[in-house]
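Note sheet for the following structure.
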2 protein chains.
Amino acid sequence: MEKLTEVVSKTPLLTGSSVAAKRAEIRNYFHHTFSQYESLFDCINSDEAYYVRAEPLRHPLIFYFGHTAVFFINKLLLGKYQHQRVNERLESMFAIGVDEMSWDDLNSAHYDWPSLADTRHYRNQVRHIVDALITDMPLSLPITQDSPAWLILMGIEHERIHLETSSVIMRMLPLKYLDAHPQWAACSQAGVAPTNSLLPIAGQTVTLGKPSSVATYGWDNEYGQKTVDVAPFKVAKFLVSNGEFLDFVQAGGYQDAKWWTSEGQGWLEFTGAIMPRFWRYQHGEYLQRNLLQEMPLPLDWPVEVNYLEAKAFCNWKANQTGRHIRLPTEAEWTVLRNQLDTDQPHWSQAPGNLNLEHYASSCPVNRFEHQGLCDIVGNVWQWTESAIDGFPGFEVHPLYDDFSTPTFDGQHNLFKGGSWASTGNEASRYARYAFRRHFFQHAGFRYLESDSAEVPVEPVNTYETDELVAQYLEFHYGDTYFNVPNYPQACVQALLKHTPELKHARALDLGCSVGRASFELACHFDHVDGIDFSARFIQHGFQLKETGHTRFAIPTEGELVEFKEVSLSDLGYSELADKIDFVQGDACNLKARFSDYDLIFCGNLIDRLYDPSLFLNHIHERLTAGGYLVLTSPYTWLEQYTPKDKWLGGIKVNGENVTTLDGLRRLLGERFNLVAQQDVPFVIRETRRKYQHTLADMTVWQLK
Amino acid sequence: MEKLTEVVSKTPLLTGSSVAAKRAEIRNYFHHTFSQYESLFDCINSDEAYYVRAEPLRHPLIFYFGHTAVFFINKLLLGKYQHQRVNERLESMFAIGVDEMSWDDLNSAHYDWPSLADTRHYRNQVRHIVDALITDMPLSLPITQDSPAWLILMGIEHERIHLETSSVIMRMLPLKYLDAHPQWAACSQAGVAPTNSLLPIAGQTVTLGKPSSVATYGWDNEYGQKTVDVAPFKVAKFLVSNGEFLDFVQAGGYQDAKWWTSEGQGWLEFTGAIMPRFWRYQHGEYLQRNLLQEMPLPLDWPVEVNYLEAKAFCNWKANQTGRHIRLPTEAEWTVLRNQLDTDQPHWSQAPGNLNLEHYASSCPVNRFEHQGLCDIVGNVWQWTESAIDGFPGFEVHPLYDDFSTPTFDGQHNLFKGGSWASTGNEASRYARYAFRRHFFQHAGFRYLESDSAEVPVEPVNTYETDELVAQYLEFHYGDTYFNVPNYPQACVQALLKHTPELKHARALDLGCSVGRASFELACHFDHVDGIDFSARFIQHGFQLKETGHTRFAIPTEGELVEFKEVSLSDLGYSELADKIDFVQGDACNLKARFSDYDLIFCGNLIDRLYDPSLFLNHIHERLTAGGYLVLTSPYTWLEQYTPKDKWLGGIKVNGENVTTLDGLRRLLGERFNLVAQQDVPFVIRETRRKYQHTLADMTVWQLK
């Protein structure tokens, strides 16, 4: 094993002029990380300790010791840079962590963990493999996301995440299992907590998201871009200290449900917590557990809590002060972060207790001040009100497609700024990590005072995974296949050819599904109503109109999926939202207000109605004089949608074949002229290799 | 109503030099038919009689009186030559007859039939409409199947069929309802039955099927062509007379089950029949019911029976004589028919009691002799051993797609030659009518003696209507869509590119479905085994190999279908049948004898196996050294076929995406080299407008 000679490391730039030098830098960064990780585990003084389940929601440390090595191999196999497994058993056991496990979803599986010696041996094997790969891999600069070097950096940064999470688990391990270690020494300063105060911050517009021009490794969730208007607020000068939080504890804050969210109350009940996780109360004295030792509660160090506790404190504090006290949002935190103009790897020294450049513990909350504000970054992570979500433009990295997407569920809140143990990407400006709100890390919080009771967070844009809905989102907004043009667009283009130019006209998109034709119609009509029977489908049209974005996951093969996002701006529909209303409704029983349309478009509707004749016999009532009814359908009658005695065609009547077009002529012929008819093809993707390819019949009927 | 002035009519030629003359000829033929039909009903002396259900398996006569008129309107609507219904209620009630109803499938529905006056009025309306259409329709010569004149002829010939079937029903009506009519007078000659004898007929090859060059109207089932080698036989000089049949009756033939087929026994039990349907036994005397009168049983007239009775007689006769006595097949009857060199409409007088040219009843069986043989045509229809089937080349007429196809079920036997009441197409050489074997018409039989106990009939090529099987037949043998080449062909073409030319090689087509790839492989290999798990599918490959033909019906829209036929000769596979064996089998558990293959092709198989790993781990045992395994699949894993824990890919393993190709490499990589990989697209038709369009992945593996 190579020895760790230099404590401080920095994530490499992706750019450079010398490939050889970059290769050496990456190799150095790899070994530094691999060794620093092992040096943390060197603090453990017995093999037994590796198998202790210090925290019931996490695997024992042996898992994490093996996991970061396995990750390299698994990703290299996936990227086809490695062709054989090194140790199938270890690579299976050490593959999947339980970081996302909830307190209400305990894992009681029995694991027959490998020995420490075997795991060490495995780590050494992997070290050699990765070293050899770094030596031999093709490399050109700058490094891009499809380069093998990016995968190496992914493995390294992944290990740096676990360097910190493992240090958190070690804080839960009995001290008898741990020895002091010169590289992992705590801060020795502690004193009285400074009195907090609120500093005014001007309102401003901030842009979130890591620009692709920033030349360091980033996780997928950091990219994309979002601009947010931030209202003025006042922010606490200091992170909440142990001393400040003690008031809440001593005021009975953990015993009074009213400060806690319902999720927080559930957690309190489950854990029976009465104080922060790393405090202990003994013989009339509070103590704090650090990585390798315990000390009297350092009142001027930041308190370490989960989101639920931080939120409860704010609610209590708001009640105490009569002010709108809460946690910052991601955007508000970014306003503060922007007061620092430096970032890893460019700084010569970290502008806070960060990147293992100062202590292997927290330190007083007044140690690092910048323009009157302390601990803008570092010391402990700062919980935010924002559940993590991808920014517009978010794209999943194909070789780690479940790093972020499972956390876009509204249950994972972001924390920002990094802790003393945050290194590499974690210590960078754009880092975005999110955990379940009950989780512990080296994390605390800063509060702010807002003018408004409202918390300016948007609902999370979760991935639609309902297979049918996602299939229709792809059908309406996704890629084209077999060179068949987008169907809702092609339908609208086609119907416009058969209708005169209408001024200030109103259109109804009946059976609008996820809404694409409504947007396309809104390019040409003053107002469009989009109506669908299924709220499950129409919610996506509504969400696009309201937020400009929607997301979905579509199958590629078997249970595997790919992740997609669409935005109104990419579709060229940015200015149309005001012209469209999406409403749930029944085409066979429309509310009276849906009338006076110049055009009614029914895309793939009639063979999905429970009573198509009822619909067709009354639809003229909704049209203006001379108005148009446009039907498209492949006439795929199915008894699950339409009882057979209601089919318009595709049946024998008195022994003779009757087609749906015959049925349409019979029902509509009296009131309408059939002015045009044409085929419109469409393709619906089922998997990466399987599609429905269909020819709809479009008929254009004008009211006589 | 126009009066019938001329009794004898002939079906028009489709050819001619004067359009005006042809129009006049068709108009005349139409009115003659319409009037002759009404003149038959004129024999009925009370309205009440129209509503009597003389035969429980048939509608009352009012239905038939209206039906032939409705048929004109329905077909003209279907052909878009008529645009409005004349009387919706009548056209619904008179649309569907029950000629196909079985004695074991009684119709007990209640019908509220229209009045006779309304029906007469309706007939008059239709007469005017059709007359006007004949006057105005576009007409060019020769008349072809897509011409409106063809539809008019279809309506006329349809009415001529019912002229005869109605006369049969009237023979079941109590005599009190009927008056004598000069145009419908029975033969008055009757006497002792002549003694039958057997005349030798030389073996010969006959061609069945109406050539398209024959310039008269024909039903769809008459066209196509089939060549049959007929062995020498001896044939009865006379149709079986009442006198000859009386021996069977008096010998207790109706009481002795052993002469009857099992179907015949069921019919006997249901009806309790003890003699032919038109006989009556009263006061020690047998009587025969004719159309309008009853007479002492005319012993020298042909007996009228259904197939079941005719067959029982032959079995009894065979037993009596110790010879192979049976009914003729269609081909054997055709050998006899070929002794007459004339046909309608060319003859000046009918060469038998046919076409209403002689009597409105049967006549003595020795009245019309030709080269020693009597009643080659006419008098009564002659039952055959042949169940009706389409000839190779059969095509359904699109405006009457259920005239023949429902009768290709092995339960409808042909009768030939026509009766005294057969006119128009019925009286022509190529006419092919078939009824359920228990049905009564003016039908009897002639027997023959064969050298062999075997009856030379082939199983009926029924239409496959199972939707999935028919879909696969179209997929393998049918049309191409979206310009995507035929898939089994494309797969074989592609795999040949990746494998060296193999001499005297053996191939296995595993998962062969309906067998196209097996035929295609047989073009290049000395022997091919086609194996599929499903007997339902593989039977069609087997049928193609054995008979050269297979038939299926595929959905167009809703419940409507189109009918398809494929033949080995059209596909260019005529010479291959001997090289292929089709066998039912399980790919995961193959019998030992399926081995020593130079190539194994598995088209769309692996994602349909219950244990694909088991299959892949053993398939090398079936290959010769250096042999090839070719897999194609879209990797559409479904739990209904393969339990999820058996999927080769499309799953997460240890948290990482594993594709099916990854899985194949893992399982096959040790024993095989992957020598080629390419996409092969395919299209499966679901309806006329809806298709599955899929990209299979083809991988070619060579045994190391």
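The values are calculated or read from the model by the stated rules, or taken from the named source; none is laboratory data. It should be emphasised that the depicted structure is a prediction, and the values quoted were computed from it without experimental measurement. Quick reminder, even Gly has a Cβ in these numbers, built from the backbone with ideal geometry, and neighbours come from all protein chains shown.
So for the range B:227-236 (the condition being closer than 30 Å to B:SER567 by Cα, surrounded by 13 or more Cβ atoms within 10 Å (Cβ to Cβ), in the same structural domain as B:GLU332 (by TED's automatic domain parsing) and among the polar types (S, T, N, Q)), does at least one residue qualify?
Taking every residue of the range B:227-236 in turn, none turns out to be closer than 30 Å to B:SER567 by Cα, surrounded by 13 or more Cβ atoms within 10 Å (Cβ to Cβ), in the same structural domain as B:GLU332 (by TED's automatic domain parsing) and among the polar types (S, T, N, Q).
May I ask you to verify whether A:LEU661 is within 10 Å of chain B (Cβ to nearest Cβ) and farther than 18 Å from A:CYS588 by Cα?
yes
Please go through the range B:312-339 and pick out each residue that is in a loop (DSSP other than H, G, I, E, B) and touching a Phe, Trp or Tyr at 6+ places or on another chain (Cβ under 9 Å).
B:LEU327, B:PRO328
Have a look at B:VAL484, B:VAL460, B:VAL469, B:VAL455 and point out the one that is closer than 30 Å to B:PHE278 by Cα, surrounded by fewer than 22 Cβ atoms within 10 Å (Cβ to Cβ) and in contact with a strand residue (DSSP E or B) (Cβ under 8 Å, 6 or more places away or on another chain).
None of the others qualify; the one that does is B:VAL455.
Does B:GLY372 meet the test of being closer than 18 Å to B:THR207 by Cα, surrounded by fewer than 18 Cβ atoms within 10 Å (Cβ to Cβ), touching a residue at least 40 places away in the same chain (Cβ under 8 Å) and not assigned by TED's automatic domain parsing to the domain that holds B:ILE161?
no
Look at B:SER9 and say whether it is surrounded by fewer than 20 Cβ atoms within 10 Å (Cβ to Cβ) and over 28 Å from the mean Cα position of the chain (by Cα).
In short, no.
Let me confirm something: among A:LEU648, A:LEU674, A:LEU616, which residue is buried (at least 18 other Cβ atoms within 10 Å of the Cβ), more than 11 Å from chain B (Cβ to nearest Cβ) and either among the charged types (D, E, K, R) or in contact (Cβ under 8 Å) with a residue 24 or more places away in the chain (or both)?
Exactly one of A:LEU648, A:LEU674, A:LEU616 is buried (at least 18 other Cβ atoms within 10 Å of the Cβ), more than 11 Å from chain B (Cβ to nearest Cβ) and either among the charged types (D, E, K, R) or in contact (Cβ under 8 Å) with a residue 24 or more places away in the chain (or both), namely A:LEU616.
Residue by residue, here is whether (1) at pLDDT 95 or above; (2) outside the structural domain of B:CYS512 (by TED's automatic domain parsing); (3) surrounded by fewer than 23 Cβ atoms within 10 Å (Cβ to Cβ); (4) not hydroxyl-bearing (Ser, Thr, Tyr) holds:
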residue	(1), (2), (3), (4)
B:CYS602	yes, no, no, yes
B:TYR628	yes, no, no, no
B:TRP637	yes, no, no, yes
B:TYR641	no, no, yes, no
B:LYS644	no, no, yes, yes
B:LYS652	no, no, yes, yes
B:LEU667	yes, no, yes, yes
B:GLN678	yes, no, yes, yes
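If we only count helices (runs of 4 or more DSSP H) wholly inside the range B:1-102, which ones have 2 or more residues that are modelled with pLDDT of 95 or more?
B:19-41, B:61-78
Restricted to the range A:551-604, and to residues that are in a loop (DSSP other than H, G, I, E, B) and within 14 Å of chain B (Cβ to nearest Cβ), which residue is farthest from A:GLU686 (Cα to Cα)?
Ranking the candidates gives A:ASN604 first.
Do we find a residue being without any contact (Cβ under 8 Å) to a residue 40 or more places away in the chain, under 31 Å from the mean Cα position of the chain (by Cα) and within 22 Å of B:GLN36 (Cα to Cα) anywhere in the range B:335-347?
Checked the range B:335-347: at least one residue is without any contact (Cβ under 8 Å) to a residue 40 or more places away in the chain, under 31 Å from the mean Cα position of the chain (by Cα) and within 22 Å of B:GLN36 (Cα to Cα).
Could you grab me the full set of residues in the range B:51-80 that are more than 26 Å from the chain's Cα centre (by Cα) and away from chain A (no Cβ under 13 Å)?
Listed by number, the residues that qualify are B:TYR51, B:VAL52, B:ARG53, B:ALA54, B:PRO60, B:LEU61, B:ILE62, B:PHE65.
Of all the residues that make up the range A:373-392, how many are at negative phi and in a loop (DSSP other than H, G, I, E, B)?
Here the count works out to 8.
Quick one: how many residues across the range B:402-428 are in a loop (DSSP other than H, G, I, E, B) and surrounded by 21 or more Cβ atoms within 10 Å (Cβ to Cβ)?
10
List every residue pair whose Cβ atoms lie under 7 Å apart, where the two residues are 6 or more positions apart in sequence or sit on different chains, the first residue falls within the range B:534-555 and is farther than 25 Å from B:ASP401 by Cα, and the second residue, located anywhere, is crowded, with 22+ Cβ neighbours inside 10 Å and of a type in the set (Asp, Glu).
B:ILE538/B:ASP532
Looking at (1) in contact with an Asp or Glu (Cβ under 7 Å, 6 or more places away or on another chain); (2) among the hydrophobic types (A, V, I, L, M, F, W, C); (3) more than 17 Å from B:ARG123 (Cβ to Cβ), which one does B:ALA21 not meet, given that it meets all the others?
The number of the failed condition is (1).
Criterion first (within 29 Å of A:GLN36 (Cβ to Cβ), in contact with a strand residue (DSSP E or B) (Cβ under 6 Å, 6 or more places away or on another chain) and crowded, with 24+ Cβ neighbours inside 10 Å) does A:TRP383 satisfy it?
Here the answer is yes, as A:TRP383 does meet what is asked.
Restricting attention to the range A:437-449, which residues are assigned to a strand (DSSP E or B) and crowded, with 22+ Cβ neighbours inside 10 Å?
Scanning the range A:437-449 gives A:ALA443, A:GLY444, A:LEU448.
Do any residues in the range A:292-311 that are assigned to a strand (DSSP E or B) have Cβ atoms under 8 Å from those of residues that are among the small types (Gly, Ala, Ser), where the two are at least six apart or on different chains, and which pairs are they?
Listed pairs, sorted by first residue: A:MET295/A:ALA186; A:MET295/A:ALA190; A:PRO296/A:ALA190; A:PRO302/A:SER241; A:PRO302/A:SER362; A:PRO302/A:GLY444.
Just one of the numbered conditions (1) out of contact with any Leu (no Cβ under 8 Å at 6 or more places or on another chain); (2) more than 8 Å from chain A (Cβ to nearest Cβ); (3) outside any loop (DSSP other than H, G, I, E, B) is not true of B:VAL683; which one?
(2)
Among the candidates B:ALA587, B:ALA577, single out the residue that is closer than 30 Å to B:THR462 by Cβ, buried (at least 17 other Cβ atoms within 10 Å of the Cβ) and either touching a residue at least 12 places away in the same chain (Cβ under 8 Å) or out of contact with any Phe, Trp or Tyr (no Cβ under 7 Å at 6 or more places or on another chain) (or both).
Among B:ALA587, B:ALA577, only B:ALA587 is closer than 30 Å to B:THR462 by Cβ, buried (at least 17 other Cβ atoms within 10 Å of the Cβ) and either touching a residue at least 12 places away in the same chain (Cβ under 8 Å) or out of contact with any Phe, Trp or Tyr (no Cβ under 7 Å at 6 or more places or on another chain) (or both).
Report, by residue number, each residue of the range A:416-452 that is touching a strand residue (DSSP E or B) at 6+ places or on another chain (Cβ under 6 Å) and over 24 Å from A:SER166 (Cβ atoms).
A:ARG446, A:TYR447, A:LEU448, A:GLU449, A:SER450
Given the conditions (1) in contact with a strand residue (DSSP E or B) (Cβ under 6 Å, 6 or more places away or on another chain); (2) in a loop (DSSP other than H, G, I, E, B); (3) farther than 21 Å from A:TYR433 by Cβ, report the number of the one that A:ARG280 does not fulfil.
Result: A:ARG280 fails condition (2) only.
Filter the range A:526-550 down to the residues that are of a type in the set (Gly, Ala, Ser) and assigned to a helix (DSSP H, G or I), then identify the one that is nearest to A:LYS226 (Cα to Cα).
The residue in question is A:GLY541.
Mind counting the residues in the range B:686-704 that are more than 10 Å from chain A (Cβ to nearest Cβ) and in contact with a His (Cβ under 7 Å, 6 or more places away or on another chain)?
2
Kindly indicate whether any position in the range A:182-197 is at pLDDT 95 or above, buried (at least 16 other Cβ atoms within 10 Å of the Cβ) and not in a loop (DSSP other than H, G, I, E, B).
No; the residues of the range A:182-197 include none that is at pLDDT 95 or above, buried (at least 16 other Cβ atoms within 10 Å of the Cβ) and not in a loop (DSSP other than H, G, I, E, B).
Within the range A:623-638, which residues are over 28 Å from A:SER595 (Cβ atoms) and either among the β-branched types (Val, Ile, Thr) or more than 10 Å from chain B (Cβ to nearest Cβ) (or both)?
Passing the criteria: only A:THR636.
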